[in-house]
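Peer 1: Before I ask anything, here is the structure I am working with.
The values are calculated or read from the model by the stated rules, or taken from the named source; none is laboratory data. Here the structure is a predicted model, which is why all the values come from computation and not from measurement. Quick reminder, even Gly has a Cβ in these numbers, built from the backbone with ideal geometry, and neighbours come from all protein chains shown.
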Amino acid sequence: MRMGWVIATVIAACLIAPAPSGAAPPPGPCAGQSAKHGRAAANLERRARILKARGRPTAARALRRRARWEARLARYYEEQARARGLPRGAAVTLSTLLRSQVLRRSFLTGFEQLTPENEMKMERLQPARGVFRFAEADRMVRFARRYCKRVRGHALVYGRQLPHWATDGSLTAGQLGFEMEWHVQRVVERYAGRVADWDVVNEAIDADGDYTQNVWYLALGKAYIERAFRTAHDADPTARLYYNDSGIELPDHPHTLAVRKMVADLRRRGVPIEGVGIQNHVSTSHHASEAQMARTIRGFTDLGVKVAITEMDVRLDTPGTPARKLDSQRLVYRSAARACRKNPSCTSFSTWGVGDGVSWLGPAAAGLLFDRGYRRKPAYRAVSRSLGSPETP
Ligand code: G3I
């Protein structure tokens, strides 16, 4: 009897264990999604028929539109479960998520992972010393879970978007170290089990390969990086902890080499860093080729860490007709997606936004996978195919 219980417990534990790195979103909460949305579609259709029969065609049409959307979601989840491609991710802000139905819909049927663009940064989570405001981040995590999307937490320790109290010079180095660890602990513990991956330290090295002179470095030296990772790991030992940086897509660039050296050193000393996020903010004229990106990824994975493409966008800065520019953009995206897909330790592929209308680069840069009207651009299909993800129409 007791043995049976032990075996059942072990089997249950295996079933709820986190998906292996690089796998598609966990089957658990996603498994019923297709059926759930299929049922919702059928229900709405039935109610629409009743309304039409009762002489209320306008209300019936509105219900039919919702039914079509539910049916599309059902198709997406079904195809997604079958395809098991690498997760596609996008950064979004809570305000656009709430404001724009078309963004929500493009996101929901186009991506499997969500990165809160600003809502998990320190200035937002702890605007006053010791006063945490989790409401916005909580809403985003709830939204993601409702639709079975993974969440990439961004960014625990960063030299920018800091609250005034951390940068105004009023704290001693000892106090800053304590506050940094307290922040990391509170935030990671709160989302333990719900945020699968964290950008623990963001942009700690600059383009010359030197440590960035941010408030943490100036107070604590490079030891702040190790302390941040150790604290995050203690707070949630199951989360995958990443160092995330921009300008590290070329394999021999001094910036990339410096990050590699830092990661190798952290690994050697047993610091719990599990991955490197390559942001990949590039343009049609300046970007890594597929071979270069493959080498960059391998340079990191050879150290025993995972890699994720975390913030890709491709500014259009080469001359040509609009169609030609979009094609150049497609090729740049495809190179990065292929290089990621071909390395089993590359875990996900994210863009920094969904559509060109809402991007830190501004609409003219047109760097994302959807255009201003949230129509799919050629790069969207190229990325999806390269990653093995569905393109639900
Ligand atoms: O929230 C205020 C708002 O109250 C005010 O009215 C408005 C006026 O300009 O500013 C708003 O804050 C802006 C914030 O985004 C939220 O929209 C800041 O000015 C603006 O500087 C901030 O920019 C963000 C930037 O990080 C700051 O460094 C971008 O949205 C965000 O996309 C960008 O993301 C970074 C990643 O975290 C790290 N990698 C690079 C990437 C792109 O720069």
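Peer 1: If the Cβ limit is 6 Å and pairs must be 6+ apart or interchain, which residue in segment 207-219 that is within 18 Å of Q161 (Cβ to Cβ) pairs with which residue that is in a helix (DSSP H, G or I) and of a type in the set (S, T, Y)?
Peer 2: From residues that are within 18 Å of Q161 (Cβ to Cβ), the pairs are V215/T167; W216/Y224.
Peer 1: Turning to a different aspect of this structure: Return the pair list, or none, for Cβ contacts closer than 6 Å from residues in segment 313-342 that are aromatic (F, W, Y) to residues that are buried (at least 20 other Cβ atoms within 10 Å of the Cβ) and part of a helix (DSSP H, G or I), at least 6 apart or on different chains.
Peer 2: What qualifies is Y333/A379; Y333/A382; Y333/V383.
Peer 1: Can you tell me which residues in segment 177-218 are small (G, A, S) and under 28 Å from M140 (Cα atoms)?
Peer 2: Listed by number, the residues that qualify are A192, G193, A196, A204.
Peer 1: Being out of contact with any Lys or Arg (no Cβ under 9 Å at 6 or more places or on another chain) and of a type in the set (A, V, I, L, M, F, W, C) narrows it down to one of C340, C346, so name that one.
Peer 2: Among C340, C346, only C340 is out of contact with any Lys or Arg (no Cβ under 9 Å at 6 or more places or on another chain) and of a type in the set (A, V, I, L, M, F, W, C).
Peer 1: Output yes when any residue across segment 162-171 is touching a strand residue (DSSP E or B) at 6+ places or on another chain (Cβ under 7 Å), part of a helix (DSSP H, G or I), farther than 23 Å from T310 by Cα and not basic (K, R), and no when none is.
Peer 2: Checked segment 162-171: at least one residue is touching a strand residue (DSSP E or B) at 6+ places or on another chain (Cβ under 7 Å), part of a helix (DSSP H, G or I), farther than 23 Å from T310 by Cα and not basic (K, R).
Peer 1: Go over the candidates R330, R298 one by one and state the one that is more than 16 Å from the ligand (Cβ to nearest atom) and surrounded by fewer than 19 Cβ atoms within 10 Å (Cβ to Cβ).
Peer 2: Just one listed residue meets the conditions, R298.
Peer 1: Considering segment 206-249 alone, what residues qualify as being part of a strand (DSSP E or B) and within 13 Å of the ligand (Cβ to nearest atom)?
Peer 2: Residues satisfying the conditions are Y242, Y243, N244, D245.
Peer 1: Within segment 76-101, how many residues are among the basic types (K, R) and within 21 Å of G355 (Cβ to Cβ)?
Peer 2: Residues in segment 76-101 being among the basic types (K, R) and within 21 Å of G355 (Cβ to Cβ): 2 in total.
Peer 1: Sticking with this one: With respect to V271, determine if the residue is modelled with pLDDT of 95 or more, over 18 Å from D208 (Cα atoms) and not in a helix (DSSP H, G or I).
Peer 2: Spelling it out, V271 is indeed modelled with pLDDT of 95 or more, over 18 Å from D208 (Cα atoms) and not in a helix (DSSP H, G or I).
Peer 1: In the set V184, V157, V188, which member is assigned by TED's automatic domain parsing to the domain that holds F132, in contact (Cβ under 8 Å) with a residue 60 or more places away in the chain and either away from the ligand (no atom under 16 Å from the Cβ) or not aromatic (F, W, Y) (or both)?
Peer 2: Step by step, each of V184, V157, V188 is checked, and only V157 is assigned by TED's automatic domain parsing to the domain that holds F132, in contact (Cβ under 8 Å) with a residue 60 or more places away in the chain and either away from the ligand (no atom under 16 Å from the Cβ) or not aromatic (F, W, Y) (or both).
Peer 1: Hey, another quick one. Can you name the condition, by its number, that V263 falls short on among (1) part of a loop (DSSP other than H, G, I, E, B); (2) away from the ligand (no atom under 16 Å from the Cβ); (3) of a type in the set (A, V, I, L, M); (4) touching a strand residue (DSSP E or B) at 6+ places or on another chain (Cβ under 7 Å)?
Peer 2: Tallying (1) part of a loop (DSSP other than H, G, I, E, B); (2) away from the ligand (no atom under 16 Å from the Cβ); (3) of a type in the set (A, V, I, L, M); (4) touching a strand residue (DSSP E or B) at 6+ places or on another chain (Cβ under 7 Å), V263 fails exactly one: (1).
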